[in-house]
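Asks: Supplied in structure tokens, the structure appears directly below.
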Amino acid sequence: MPPPRLRCPCGHTWVYTGDGPLPEDLREVCPVCSPHSDIGAQTRVAPPHGAATVNATAEADAAAVLAAGRVLAGFEIIEEINRGGMGVIYKARQLGLDRIVALKVITPSRLGNPEALKRFKQEVKAAARVSHPNIVQVFQTDLDGPYPFLAMEYVPGIDLSRLVKLTGALPVADACYYIQQAAHGLQHAYEMGLVHRDIKPANLIVTPSPLDPEKGRTGKLPRVKILDMGLARVVTEEAEVGDLTRDGVFLGTPDYVAPEQAEDSRRADIRADIYSLGASLYYLLTAEIPFPGASVVQKLRRQMTEPPPSAAAKRAEVGPGLDALVRRMMARSPIERVQTPAELIEAVDRVIRGATLPPAAGPAAAPAASSPTSNGQSSAVHAPLGIGPVKAHDGAAHGLAVTPDGKWVLTGGLDGSIKVWNAVKLKEARVFGGDIGAVENLTLSPNGKWAATCATRLTVPEMRVQIWDVASGTEHGRLKGAGDNYRCVAVSPDGKRVAAGNADQTVWVWSFEPGGPKPLRLKGHTGAVTGVAFARTADSLLSAGLDGMVRQWDLATGAEKGALNGTVGPITGLAFSGKRVAVAGRFLAVRQKTASFARFDGHDGPVVCVAFSPDGRLLASGGADGTVRVWLVEDGTELACWTGHGKAVRAAAFGPDGGVLYSAGEGGNLCRWPVAVPVG
């Protein structure tokens, strides 16, 4: 293979003959953009006619001219946030609208380069075609003034390349969610007749940053936005392509570029972007580029001669279904790949559900990886996507809760332990000590600082609900009352009351307010109480039991306000959100506001537990069949089904943004699952 002729995004070209590694952004080693870089033996090609050589003084002058406080065309500069061979990006305030924007300005040293200005105009024209939540929005442009600029949406966050460099390979569920988000943006660009041609982790920014300690308090799901339309090709306007693309010129980023684009960038269509997205997904899953090499030549040679690498071979958590999808996205022939971003979105959903992928559009793609079974044979079953199962307890795990900031997961087991886990990696952080008993249920206060548990104990006089400090794991108090074992526990929305259901058919309610009411004992059920849930205020409570009834209580008087037949037989799980009630029993049923209970069919056998997402749109259920399922509450559509537990699932809890679900069960295992939240 002859030495490649490289082209940086600013339009400078040169022949690469060295063997040193290249960065993602070729501007960092371009002989013109970065004249002081040490890039080994390279042959410099003269820049296009009129192009200016980088001058360090000119760069300094540009930064000084646009210092903080300077106003450019109605934009007040706040600070510089990034700098590259093309120009400088500033954080700025748009006066009049008082809107924070990202202002991309060509530095004066680039104004003499007609190809750089042409590329900048191409970026503006490409960006003007798109308007989508997953693509950075352009607000205003000025290409003819002394400082040509592009005013864009300011996105506080972190790009995926930097995120992986800081944290290592991402959780499998997060990586798939981010790629799906990017695919939504690419589908819109595809429909607008655009091919991006430089999809890579550095051009995918997630907001808010997963490293932001405040992200869990926003109540919003993270969003990926595609950056940099500067290399985008307008498929329907070939004349424009010829202006910026020449025969034999490499365009894109070597580590993520599709083979056909590496050979001739004018051949790139949307399937080249899908290849780059597949290479990006491989990087997110493994923290490694797909075809490493000491030079561009080595990388491209490996890409042309070797099959797509297996992410599952690098990381056990990557199931064979996901591994097969990544390899298909990176198939050498475009016809063997997923053909459109919309098809990719659907394929990721299938992998999440544990379903098999449909056949490739063209000739057979690279064979999918398979997981070894205990006898060493290959299994054709596509493993469910997620993290886990992680062995959390020696006995069954019945208690499960997630802190409001999404950082920690608490589990309680029949082995008499309470554990705190890192919510992202499911790594054990600490274990609570003390006389606990076999934990039957666990819940958290609204601020996540303390937990309440109930446990099965042999000594009847010592039945109690225990209060724990989450940070230290120490016991802070005990709530007593009933003479039998408590089966369930809940904390009021204001954190001032705790309720617990008892095997003796009663519900107990305690107040934490100084001088507050004495503990209430609510009678009405004719079977053990298995579920309690506060309404929006601390003055109303729902309870459910093995008598099959859901009862509502007025906590100001202790009187029963009403009762409904749950229609599922003995109730084993209760969840409440707004005016919706979900119950688990012989099957799953949901009551929408004032309507009757509607049956949600899917589990093969009894349903054990239920949980609403924070916004109430989704419902999770765990069954005796060992499956975890997610439902769209509005119409009962089953969105996902996972089979990782193998035994009955006893507890489920959503993360604070609804994008992640945790489950625990009879095998003592803990799992973390991605949730594809519907748009709208």
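Asks: Could you name every one of the strands (runs of 3 or more DSSP E) located completely within the range 593-645 that has at least 3 residues being more than 16 Å from LYS579 (Cα to Cα) and either modelled with pLDDT of 90 or more or of a type in the set (Lys, Arg) (or both)?
Replies: 607-612, 618-623, 628-632
Asks: Further, regarding this structure: Return the only residue of LEU400, LEU344, LEU410 being within 30 Å of ALA258 (Cα to Cα), at pLDDT 90 or above and surrounded by 21 or more Cβ atoms within 10 Å (Cβ to Cβ). Spell out the reasoning first.
Replies: Numbers: LEU400 fails: within 30 Å of ALA258 (Cα to Cα); LEU410 fails: within 30 Å of ALA258 (Cα to Cα).
Of the residues listed, the single one that is within 30 Å of ALA258 (Cα to Cα), at pLDDT 90 or above and surrounded by 21 or more Cβ atoms within 10 Å (Cβ to Cβ) is LEU344.
Asks: Please go through the range 483-501 and give me each residue that is within 16 Å of GLY558 (Cα to Cα) and either outside any loop (DSSP other than H, G, I, E, B) or not hydroxyl-bearing (Ser, Thr, Tyr) (or both), ordered by number.
Replies: ARG497, VAL498, ALA499, ALA500, GLY501
Asks: Cβ contacts < 8 Å: first residue assigned by TED's automatic domain parsing to the domain that holds ALA652 and under 21 Å from ARG521 (Cα atoms), restricted to the range 560-582; second residue of a type in the set (Asp, Glu) and assigned to a strand (DSSP E or B), any location; separation 6+ or different chain. Result?
Replies: Qualifying pairs under 8 Å: GLU560/ASP554; LYS561/ASP554.
Asks: Looking at THR456, THR506, THR443, THR474, which one is out of contact with any helix residue (DSSP H, G or I) (no Cβ under 8 Å at 6 or more places or on another chain) and either farther than 30 Å from GLY406 by Cβ or of a type in the set (Phe, Trp, Tyr) (or both)?
Replies: The match here is THR506.
Asks: Name the residues in the range 471-503 that are touching a Phe, Trp or Tyr at 6+ places or on another chain (Cβ under 8 Å) and either among the basic types (Lys, Arg) or without any contact (Cβ under 8 Å) to a residue 40 or more places away in the chain (or both), would you?
Replies: HIS476, ALA482, LYS496, ARG497, ASN502, ALA503
Asks: Kindly check whether there is at least one residue in the range 245-263 that is at pLDDT below 85, in the same structural domain as LEU300 (by TED's automatic domain parsing), in a helix (DSSP H, G or I) and closer than 24 Å to PRO614 by Cα.
Replies: Among the residues of the range 245-263, not one is at pLDDT below 85, in the same structural domain as LEU300 (by TED's automatic domain parsing), in a helix (DSSP H, G or I) and closer than 24 Å to PRO614 by Cα, which makes the answer no.
Asks: Examine the range 494-512 for a residue that is closer than 20 Å to SER613 by Cα and at pLDDT below 95, and state whether such a residue exists.
Replies: Yes, the range 494-512 has at least one match.
Asks: Same structure, new question: Scan the range 269-300 residue by residue and report those that are over 17 Å from ALA331 (Cα atoms) and of a type in the set (Gly, Ala, Ser).
Replies: Once the filter is applied, which keeps residues that are over 17 Å from ALA331 (Cα atoms) and of a type in the set (Gly, Ala, Ser), the range 269-300 yields ALA287, GLY293, ALA294, SER295.
Asks: Another question, if that's okay. Hey, among GLY168, GLY185, which residue is surrounded by fewer than 20 Cβ atoms within 10 Å (Cβ to Cβ), in contact (Cβ under 8 Å) with a residue 40 or more places away in the chain and out of contact with any helix residue (DSSP H, G or I) (no Cβ under 7 Å at 6 or more places or on another chain)? Break it down into steps so the answer makes sense when it comes.
Replies: Values: GLY185 fails: surrounded by fewer than 20 Cβ atoms within 10 Å (Cβ to Cβ).
Result: GLY168 is the single residue among GLY168, GLY185 that is surrounded by fewer than 20 Cβ atoms within 10 Å (Cβ to Cβ), in contact (Cβ under 8 Å) with a residue 40 or more places away in the chain and out of contact with any helix residue (DSSP H, G or I) (no Cβ under 7 Å at 6 or more places or on another chain).
Asks: Another question, then. One residue is enough: does the range 104-116 have a residue meeting the conditions within 24 Å of the chain's Cα centre (by Cα) and at pLDDT 80 or above?
Replies: no
Quick grid of which residues meet (1) surrounded by fewer than 19 Cβ atoms within 10 Å (Cβ to Cβ); (2) at pLDDT below 90; (3) among the hydrophobic types (A, V, I, L, M, F, W, C):
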| position | (1), (2), (3) |
| --- | --- |
| LYS125 | yes, yes, no |
| ARG129 | yes, yes, no |
| GLN137 | yes, yes, no |
| LEU143 | yes, yes, yes |
| ALA189 | no, yes, yes |
| ILE205 | no, no, yes |
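Asks: If you don't mind, another one. What pairs can you find where one residue is in the range 504-516 and among the hydroxyl-bearing types (Ser, Thr, Tyr), the other is assigned to a loop (DSSP other than H, G, I, E, B) and buried (at least 21 other Cβ atoms within 10 Å of the Cβ), and their Cβ atoms are less than 7 Å apart, with a gap of 6+ or different chains?
Replies: THR506/ALA482
Asks: Identify all residues within the range 517-542 that are part of a loop (DSSP other than H, G, I, E, B), within 18 Å of VAL581 (Cα to Cα) and touching a residue at least 40 places away in the same chain (Cβ under 8 Å); write none if there are none.
Replies: Across the range 517-542, the qualifying residues are ALA535, ARG536, THR537, ALA538.
Asks: Filter the range 573-592 down to the residues that are in a strand (DSSP E or B) and more than 19 Å from THR537 (Cβ to Cβ) and list them by number.
Replies: Within the range 573-592, the subset in a strand (DSSP E or B) is 573-577, 580-584, 588-592.
Hits for the range 573-592 are GLY573, ALA582, VAL583, ALA584, LEU588, ALA589, VAL590, ARG591, GLN592.
Asks: Select from the range 287-341 the residues that are assigned to a helix (DSSP H, G or I) and at pLDDT below 85 and list them in ascending order.
Replies: Correct list: VAL296, VAL297, GLN298, LYS299, LEU300, ARG301, ARG302, GLN303, MET304, THR305.
Asks: I want to confirm something. Restricting to the range 455-473 and keeping residues that are modelled with pLDDT of 90 or more and over 33 Å from the mean Cα position of the chain (by Cα), which single residue is nearest to VAL489 (Cα to Cα)?
Replies: VAL465
The values are calculated or read from the model by the stated rules, or taken from the named source; none is laboratory data. Computed from a predicted model, the values in this text were never measured in an experiment. Virtual Cβ from ideal backbone geometry, glycine too; neighbours counted across all protein chains shown.
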